[in-house]
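Taking it in order: structure first as structure tokens, then the write-up.
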């Protein structure tokens, strides 16, 4: 199919637009959740949307996304309140509260789902697509709703930017200068519920958590400032959403959620490994470089010290003795230094092991290292 | 007896639910106390990948190979999460939230791609089909026993022996891992064993209840029990009791309403949690409020006693000043006064209110604690 025809396709257009909205809203709002170490709250809220979807369906009698989303928002918010109540008023810790509320709200959703399926009236089909998402089922009218919610969420974040930033990084200070911290925290939670609602159609309730967590984690790798992090998280979210949704929409039988999540996970993996400064690959390389430099320096210092004690700048040291000095094999380090022209292999006594002496360059380098160490 | 059990689908279903609940509550108690509840959620999702991979490799849908695959998937989840946390680029909660959705998504995708003809589909993975467990049977000692019962029975036995035999070690590793380590009990190995058993239990249960409801069976009954008792032994037993009762009541409710049996069982565990949260004897919300109220009334009695003592020192006998001097409403003054009389702190004399000896003692003890004779 030529690209132009493909892009003109209504389904494709809808899917791409939906994925853009989803990625944007979940990346931006997820940033705050991840930074506040509330990543798993997103998981609980997403699962808790299921009973709301079913209630919405029972109320509207059809698969009207507006009503379903309203129900989802309601139960997700209820779940957030339930978690808060359990943590504040009982001895359960956050993890147990999150797990209980997640599974119990989902259980209620399952019960309602089977209740709906058990009734005779038609039009109950398609509710299960909210479990794993079905991008291809996105309608134009759904996009208006998703767009509206996204716009509202982004507007609120922009409006309260300073407050949200302060509450995220230093809630105690925020409270001491008189910000309504509890209110702002509740507001952030409600915003995550909004993100979940946008993701219902595309990713589904089960995997939505990953969309709230993965893009911000990836974005955090590339920057240490909140503004670019939020922007990047939105961008990564959009990239993951669009690629996953397009594959799903063009390949029959593949649910969207898993594809989007795998795309997001790939972005995280690449960012963890390759991001400048914080990338694990660069860190590993740097560690290797440092280790080698240290080994070189120590070996040159040993050779130089031996030469000085023997009043012979070209004192031939036996390799076995060097091994003993350092407690490890020095063969590789010696070979590397020889390659750099710092040491030279010499024949001292024919029947003994290899002997090494410092070259001119090696002596200079050892002297420089030693005087630097003394200066420090 | 066995024959009657096996002939009745309802009994098989309830028994399956009870076994799932018992096996998972045994482990859940420790997961909650170690604050690892969300790892149970992560593991139960990740085993889907294990199940699909094992199925693709061996074409076996259940049995020992599947349990092994699940154990490996569980270990992989925990190991990957720890690996991510150890890079110090990702906090532990985000690490959990990154690993299990990725593994789960991969599992679901593989299901979508290759496993169309297998009975395991997305629907079963998520929701389970406890209503059909009695259909798939295997012959044992001349009886056709449902496979789920066999495997769940085995897993329950393993979990129970694990907890029973290593109770002391588990208890120590849970409450004081540093001491456990110092005494040479290898708490890390125990922790891994616990998570491996959680994975095995999850794979034995998921056909019946699905991966998400499994979390309810693991966490909710012990959580309810945790709100009711301070002793580990009782917490475990209470958790099992909640799970057993939930399976039975959930089944009855589900049949009556014609809805998902597994879902209803989980919902009933939630009702138990709610009841424990509200009405628990010591940690329940109501008990807490009542305690707070008592404390407040007690404090107000002392305030009155101190007020009267001050008045006494100034040679007054107040009745009115309760509402003036202490700025109390009439209703409040009446309530406090009644409480004070009940405890014999104040008495009425001709001029008005006066302290009893006990009331004077209480007020002095508050004002001048250093003068009170010890004992």
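Derivation of every value follows stated rules applied to the coordinates shown; laboratory data play no part. Note that the structure is predicted; figures quoted are calculated from it, not measured. Using ideal geometry, Cβ is built from the backbone for each residue, glycine included, and neighbour counts are taken over all protein chains shown.
Summary of values
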{"quantity": "Nearest 10 degrees, 0 to 90: helix A:10-35 Cα axis against chain A principal axis", "calculated": "60 degrees"}
{"quantity": "Inter-chain shielding of B:26-34 (mean C-beta neighbours from other protein chains, 10 Å cut-off)", "calculated": "2"}
{"quantity": "Simple spin-label estimate for residue B:313 and residue A:141 in nanometres, 7 Å along Cα-Cβ", "calculated": "7.8 nm"}
{"quantity": "Extension gain (nm, one decimal) between residue B:349 and residue B:279, 0.36 nm per residue minus Cα-Cα", "calculated": "20.9 nm"}
{"quantity": "Ranked packing of B:194-206, B:236-248, A:304-316, most packed first, by mean Cβ within 10 Å", "calculated": "B:194-206, B:236-248, A:304-316"}
{"quantity": "For segment B:219-239 versus segment B:180-217, the gap between their alpha-carbon centres in whole angstrom", "calculated": "17 Å"}
{"quantity": "Helix-only [θ]222 nm of chain B, DSSP H runs n ≥ 4, -39500 (n - 2.57) each, per residue, nearest 500", "calculated": "-25500 deg cm²/dmol"}
{"quantity": "Solution diffusion estimate, µm²/s, Stokes-Einstein, segment B:2-280, Kirkwood Rh from C-alpha pairs, 25 °C, viscosity 0.890 mPa s", "calculated": "129 µm²/s"}
{"quantity": "Residue A:301-residue A:354 FRET efficiency (beta carbon distance; Förster radius 22 Å; 0.05 resolution)", "calculated": "0.65"}
{"quantity": "FRET E, pair residue B:175, residue B:293, Förster distance 25 Å, beta-carbon r, rounded to 0.05", "calculated": "0.15"}
{"quantity": "Between helix A:280-309 and chain A: long-axis angle, C-alpha atoms, 0 to 90°, nearest 10", "calculated": "10 degrees"}
{"quantity": "Likely footprinting exposure, A:114, A:302, fewest C-beta neighbours within 10 Å first", "calculated": "A:302, A:114"}
{"quantity": "Spatial separation of Cα centroids for segment A:271-311 and segment B:122-160, in angstrom", "calculated": "58 Å"}
{"quantity": "Degrees between helix B:92-114 axis and first principal axis of chain B (Cα, 0 to 90, nearest 10)", "calculated": "30 degrees"}
{"quantity": "Taking B:91, B:168 and counting other C-beta atoms within 10 Å, the order from fewest to most", "calculated": "B:168, B:91"}
{"quantity": "Stretchable slack from residue A:294 to residue A:273, in nm (0.36 nm times residue separation minus alpha-carbon distance)", "calculated": "5.1 nm"}
{"quantity": "Residue-averaged 222 nm ellipticity for chain A, from DSSP H runs of 4+ at -39500 (n - 2.57), nearest 500", "calculated": "-25000 deg cm²/dmol"}
{"quantity": "Cα-based Rg of segment B:2-149 normalised by 2.2 N^0.38 Å, two decimals", "calculated": "1.18"}
{"quantity": "Inter-probe distance in nm under a simple model that places probes 7 Å from Cα toward Cβ, at residue B:53 and residue A:247", "calculated": "1.8 nm"}
{"quantity": "Within 10 Å of each Cβ in B:214-221, the average number of Cβ atoms from other chains", "calculated": "5"}
{"quantity": "Centroid-to-centroid separation of segment A:14-83 and segment A:104-165 [C-alpha atoms, Å]", "calculated": "6 Å"}
{"quantity": "Peptide ranges B:259-270, A:143-154 listed from the most packed, as the mean C-beta count within 10 angstrom indicates", "calculated": "B:259-270, A:143-154"}
{"quantity": "Ordering of A:103-109, A:368-374 by burial proxy (mean other Cβ atoms within 10 Å per residue, highest first)", "calculated": "A:103-109, A:368-374"}
{"quantity": "Amide N of segment B:13-49 lying under 12 Å from the label point, which is placed 7 angstrom from the Cα of residue A:91 along Cα→Cβ", "calculated": "B:33"}
{"quantity": "Inter-probe distance in nm under a simple model that places probes 7 Å from Cα toward Cβ, at residue B:368 and residue A:371", "calculated": "8.2 nm"}
{"quantity": "Exercise: per-residue mean of other protein chain Cβ atoms within 10 Å, B:105-113", "calculated": "6"}
